[in-house]
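These notes are about the structure you will find just below.
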Amino acid sequence: HRSEELARYDPFLQGLASQVRTGLTRDGLEDAAQQAEVYWRRIFEQAAPGYTALAATLSDRQVHELLESLQRADEKTWREYSGRTSEDRYAQREKSLRRNIERMTGPLSPQQRQLIHDYAWTARPFMFEWRENRRLWREELAATLRVRSGPRAAFAERMRVLIAEPDRLWTPEYRKAIATSRSDFLDLVVQLDASLTPQQRVVTHERLLALAKEVRDLAQQRG
(Lines give C-alpha, C1' and ligand atoms only; values in the text may rest on other atoms or scores of the structure.)
Protein backbone atom coordinates (compact mmCIF):
# COMPACT_ATOMS: atom_id res chain seq x y z
CA HIS A 1 0.00 0.00 0.00
CA ARG A 2 2.83 2.38 0.82
CA SER A 3 4.58 1.85 -2.50
CA GLU A 4 1.51 1.82 -4.75
CA GLU A 5 -1.27 3.79 -3.10
CA LEU A 6 0.24 6.54 -0.95
CA ALA A 7 1.72 8.16 -4.03
CA ARG A 8 -1.85 8.74 -5.25
CA TYR A 9 -2.84 10.57 -2.06
CA ASP A 10 -0.20 13.27 -2.46
CA PRO A 11 -1.56 14.90 -5.66
CA PHE A 12 -5.11 14.37 -4.41
CA LEU A 13 -4.41 16.34 -1.22
CA GLN A 14 -2.49 19.00 -3.12
CA GLY A 15 -5.42 19.38 -5.49
CA LEU A 16 -7.80 19.71 -2.57
CA ALA A 17 -5.52 22.35 -1.06
CA SER A 18 -5.66 24.31 -4.31
CA GLN A 19 -9.44 24.15 -4.28
CA VAL A 20 -9.53 25.48 -0.74
CA ARG A 21 -7.28 28.36 -1.72
CA THR A 22 -9.66 29.46 -4.49
CA GLY A 23 -12.91 28.33 -2.89
CA LEU A 24 -14.66 24.99 -2.80
CA THR A 25 -17.62 24.15 -4.99
CA ARG A 26 -20.29 21.52 -4.45
CA ASP A 27 -19.21 19.70 -7.62
CA GLY A 28 -15.58 19.78 -6.52
CA LEU A 29 -16.51 18.36 -3.13
CA GLU A 30 -18.57 15.60 -4.73
CA ASP A 31 -15.61 14.63 -6.90
CA ALA A 32 -13.24 14.68 -3.91
CA ALA A 33 -15.61 12.57 -1.82
CA GLN A 34 -15.99 10.00 -4.59
CA GLN A 35 -12.22 9.83 -5.05
CA ALA A 36 -11.69 9.39 -1.31
CA GLU A 37 -14.14 6.50 -1.39
CA VAL A 38 -12.14 4.89 -4.19
CA TYR A 39 -8.97 5.17 -2.12
CA TRP A 40 -10.75 3.76 0.94
CA ARG A 41 -12.12 0.82 -1.04
CA ARG A 42 -8.66 0.00 -2.42
CA ILE A 43 -7.34 -0.45 1.10
CA PHE A 44 -9.87 -3.19 1.76
CA GLU A 45 -9.50 -4.69 -1.71
CA GLN A 46 -5.82 -5.18 -0.89
CA ALA A 47 -6.62 -6.55 2.57
CA ALA A 48 -9.32 -8.96 1.39
CA PRO A 49 -7.03 -11.81 0.20
CA GLY A 50 -5.25 -11.92 3.55
CA TYR A 51 -8.50 -11.96 5.52
CA THR A 52 -9.89 -14.61 3.18
CA ALA A 53 -6.85 -16.85 3.56
CA LEU A 54 -7.10 -16.57 7.35
CA ALA A 55 -10.86 -17.16 7.36
CA ALA A 56 -10.43 -20.38 5.40
CA THR A 57 -8.32 -21.81 8.24
CA LEU A 58 -10.75 -21.06 11.08
CA SER A 59 -12.16 -23.88 13.13
CA ASP A 60 -15.88 -24.04 13.87
CA ARG A 61 -15.16 -22.84 17.39
CA GLN A 62 -13.16 -19.88 16.13
CA VAL A 63 -15.95 -18.95 13.71
CA HIS A 64 -18.45 -19.05 16.57
CA GLU A 65 -16.22 -16.86 18.75
CA LEU A 66 -15.63 -14.41 15.91
CA LEU A 67 -19.35 -13.97 15.21
CA GLU A 68 -20.13 -13.59 18.90
CA SER A 69 -17.37 -11.01 19.27
CA LEU A 70 -18.68 -8.97 16.34
CA GLN A 71 -22.19 -9.08 17.75
CA ARG A 72 -20.99 -7.96 21.17
CA ALA A 73 -19.06 -5.06 19.64
CA ASP A 74 -22.07 -3.94 17.60
CA GLU A 75 -24.39 -4.18 20.57
CA LYS A 76 -21.95 -2.23 22.72
CA THR A 77 -21.97 0.55 20.12
CA TRP A 78 -25.76 0.46 20.09
CA ARG A 79 -26.04 0.54 23.91
CA GLU A 80 -23.66 3.49 24.10
CA TYR A 81 -25.80 5.31 21.56
CA SER A 82 -29.23 4.42 22.92
CA GLY A 83 -28.14 4.96 26.51
CA ARG A 84 -27.58 8.67 25.94
CA THR A 85 -30.28 11.31 25.67
CA SER A 86 -30.89 13.04 22.35
CA GLU A 87 -29.38 16.20 23.81
CA ASP A 88 -26.22 14.35 24.83
CA ARG A 89 -25.87 12.79 21.37
CA TYR A 90 -26.34 16.11 19.60
CA ALA A 91 -23.90 17.87 21.91
CA GLN A 92 -21.28 15.15 21.42
CA ARG A 93 -21.72 15.31 17.65
CA GLU A 94 -21.30 19.08 17.70
CA LYS A 95 -18.20 18.92 19.90
CA SER A 96 -16.54 16.22 17.78
CA LEU A 97 -17.34 17.94 14.49
CA ARG A 98 -16.14 21.34 15.68
CA ARG A 99 -12.89 19.86 17.01
CA ASN A 100 -12.16 18.06 13.74
CA ILE A 101 -12.89 21.11 11.60
CA GLU A 102 -10.77 23.40 13.77
CA ARG A 103 -7.83 21.05 13.27
CA MET A 104 -7.85 22.19 9.66
CA THR A 105 -9.10 25.78 9.87
CA GLY A 106 -7.94 26.99 13.25
CA PRO A 107 -10.41 28.68 15.65
CA LEU A 108 -13.90 29.18 14.25
CA SER A 109 -15.93 32.36 14.36
CA PRO A 110 -19.29 32.57 16.19
CA GLN A 111 -21.06 32.40 12.81
CA GLN A 112 -19.17 29.26 11.87
CA ARG A 113 -19.81 27.65 15.24
CA GLN A 114 -23.51 28.36 14.73
CA LEU A 115 -23.43 26.59 11.36
CA ILE A 116 -21.94 23.53 13.02
CA HIS A 117 -24.43 23.74 15.89
CA ASP A 118 -27.39 23.90 13.50
CA TYR A 119 -26.08 20.96 11.50
CA ALA A 120 -25.30 18.82 14.53
CA TRP A 121 -28.70 19.39 16.10
CA THR A 122 -30.78 18.85 12.96
CA ALA A 123 -28.93 16.07 11.13
CA ARG A 124 -31.05 12.92 11.18
CA PRO A 125 -29.39 10.02 13.04
CA PHE A 126 -29.32 6.66 11.28
CA MET A 127 -28.24 4.29 14.02
CA PHE A 128 -31.45 2.26 13.74
CA GLU A 129 -30.67 1.60 10.08
CA TRP A 130 -27.02 0.96 10.96
CA ARG A 131 -27.93 -1.64 13.57
CA GLU A 132 -30.17 -3.59 11.19
CA ASN A 133 -27.61 -3.35 8.43
CA ARG A 134 -24.88 -4.69 10.69
CA ARG A 135 -27.10 -7.61 11.70
CA LEU A 136 -27.61 -8.54 8.06
CA TRP A 137 -23.89 -8.16 7.35
CA ARG A 138 -23.06 -10.53 10.20
CA GLU A 139 -25.60 -13.01 8.87
CA GLU A 140 -23.96 -12.92 5.45
CA LEU A 141 -20.54 -13.37 7.05
CA ALA A 142 -21.83 -16.39 8.98
CA ALA A 143 -23.29 -17.88 5.80
CA THR A 144 -20.05 -17.28 3.94
CA LEU A 145 -17.91 -18.85 6.64
CA ARG A 146 -20.09 -21.94 6.59
CA VAL A 147 -18.86 -22.64 3.04
CA ARG A 148 -15.20 -21.75 3.67
CA SER A 149 -14.13 -25.29 2.81
CA GLY A 150 -16.02 -25.25 -0.50
CA PRO A 151 -14.96 -23.87 -3.90
CA ARG A 152 -12.17 -21.39 -3.26
CA ALA A 153 -13.10 -18.83 -5.92
CA ALA A 154 -16.71 -18.54 -4.78
CA PHE A 155 -15.68 -18.20 -1.13
CA ALA A 156 -13.04 -15.59 -1.99
CA GLU A 157 -15.56 -13.49 -3.93
CA ARG A 158 -18.09 -13.55 -1.12
CA MET A 159 -15.40 -12.52 1.35
CA ARG A 160 -14.22 -9.77 -0.99
CA VAL A 161 -17.71 -8.29 -1.11
CA LEU A 162 -18.05 -8.46 2.67
CA ILE A 163 -14.70 -6.72 3.19
CA ALA A 164 -14.30 -4.35 0.24
CA GLU A 165 -17.83 -3.78 -1.06
CA PRO A 166 -20.15 -4.02 1.93
CA ASP A 167 -22.32 -1.33 0.33
CA ARG A 168 -23.55 -4.01 -2.07
CA LEU A 169 -25.25 -5.57 0.95
CA TRP A 170 -26.79 -2.38 2.33
CA THR A 171 -30.50 -2.27 2.95
CA PRO A 172 -32.45 0.36 0.97
CA GLU A 173 -33.14 2.21 4.22
CA TYR A 174 -29.48 2.35 5.19
CA ARG A 175 -28.44 3.37 1.69
CA LYS A 176 -30.93 6.24 1.72
CA ALA A 177 -29.83 7.35 5.19
CA ILE A 178 -26.16 7.37 4.18
CA ALA A 179 -26.89 9.33 1.01
CA THR A 180 -28.90 11.92 2.94
CA SER A 181 -26.23 12.26 5.62
CA ARG A 182 -23.50 12.69 3.02
CA SER A 183 -25.46 15.31 1.10
CA ASP A 184 -26.21 17.29 4.27
CA PHE A 185 -22.57 17.18 5.33
CA LEU A 186 -21.35 18.44 1.94
CA ASP A 187 -23.85 21.29 2.23
CA LEU A 188 -22.30 22.18 5.58
CA VAL A 189 -18.77 22.13 4.13
CA VAL A 190 -19.83 24.44 1.29
CA GLN A 191 -21.34 26.85 3.78
CA LEU A 192 -18.28 26.76 5.99
CA ASP A 193 -15.98 27.30 3.02
CA ALA A 194 -17.96 30.37 1.99
CA SER A 195 -17.52 31.75 5.52
CA LEU A 196 -13.73 31.21 5.78
CA THR A 197 -11.63 34.25 6.48
CA PRO A 198 -8.51 34.77 4.37
CA GLN A 199 -6.42 33.64 7.35
CA GLN A 200 -8.49 30.48 7.82
CA ARG A 201 -8.17 29.72 4.13
CA VAL A 202 -4.39 30.04 4.36
CA VAL A 203 -4.28 27.81 7.44
CA THR A 204 -6.42 25.12 5.81
CA HIS A 205 -4.37 25.28 2.62
CA GLU A 206 -1.12 24.91 4.54
CA ARG A 207 -2.39 22.04 6.70
CA LEU A 208 -3.55 20.11 3.65
CA LEU A 209 -0.15 20.64 2.04
CA ALA A 210 1.53 19.48 5.26
CA LEU A 211 -0.61 16.34 5.21
CA ALA A 212 0.34 15.78 1.57
CA LYS A 213 4.00 16.03 2.53
CA GLU A 214 3.56 13.50 5.32
CA VAL A 215 1.99 11.11 2.84
CA ARG A 216 4.78 11.77 0.33
CA ASP A 217 7.45 11.10 2.94
CA LEU A 218 5.77 7.85 3.97
CA ALA A 219 5.56 6.75 0.35
CA GLN A 220 9.29 7.26 -0.07
CA GLN A 221 10.24 5.17 2.96
CA ARG A 222 11.64 1.75 2.36
CA GLY A 223 10.50 -1.20 4.41
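Taking a ≥ b ≥ c as the square roots of the eigenvalues of the Cα gyration tensor of region 6-47, is the shape rounded (a/c under 1.5), prolate (a/b larger than b/c) or oblate? Oblate, because a/c is 1.5 or more while a/b does not exceed b/c.
With charges set only on the Cβ (+1 for Lys and Arg, -1 for Asp and Glu), what does the dipole of region 1-131 come to about its Cα centre, in debye to the nearest 20?
In debye, rounded to 20, region 1-131 gives about 460.
Exposed loop sites, defined as trypsin sites (Lys or Arg not before Pro) outside DSSP H, G, I, E and B with at most 15 other Cβ atoms within 10 Å, are absent from the longest region of the chain, namely 85-221. Counting every alpha-carbon pair across the chain, the share separated by more than 21 Å comes to 67%. Under 14 Å Cα-Cα from Lys176, which aspartates and glutamates qualify once same-chain neighbours fewer than 8 residues away are excluded? Within reach: Glu129, Glu132, Asp167, Asp184.
Ser86 contributes an accessible area of around 50 Å² to the protein surface, as traced by a 1.4 Å probe with all chains present.
Rounded to the nearest 20 debye, the dipole magnitude of the chain is 380 debye, with +1 charges on Lys and Arg beta carbons, -1 on Asp and Glu beta carbons, and the Cα centre as origin.
Computed from point charges on the beta carbon alone (+1 for Lys and Arg, -1 for Asp and Glu), the dipole magnitude for region 123-223 about its Cα centre is near 500 Debye.
The values are calculated or read from the model by the stated rules, or taken from the named source; none is laboratory data. Note that the structure is a prediction, hence the values are computed from the model and not measured. Neighbour counts run over all protein chains shown; Cβ positions are idealised from the backbone, glycine included. Note: accessible area is taken over every heavy atom of the protein model, side chains too, but ligands, DNA and RNA are not part of it. Shrake-Rupley method; radii C 1.70, N 1.55, O 1.52, S 1.80 Å.
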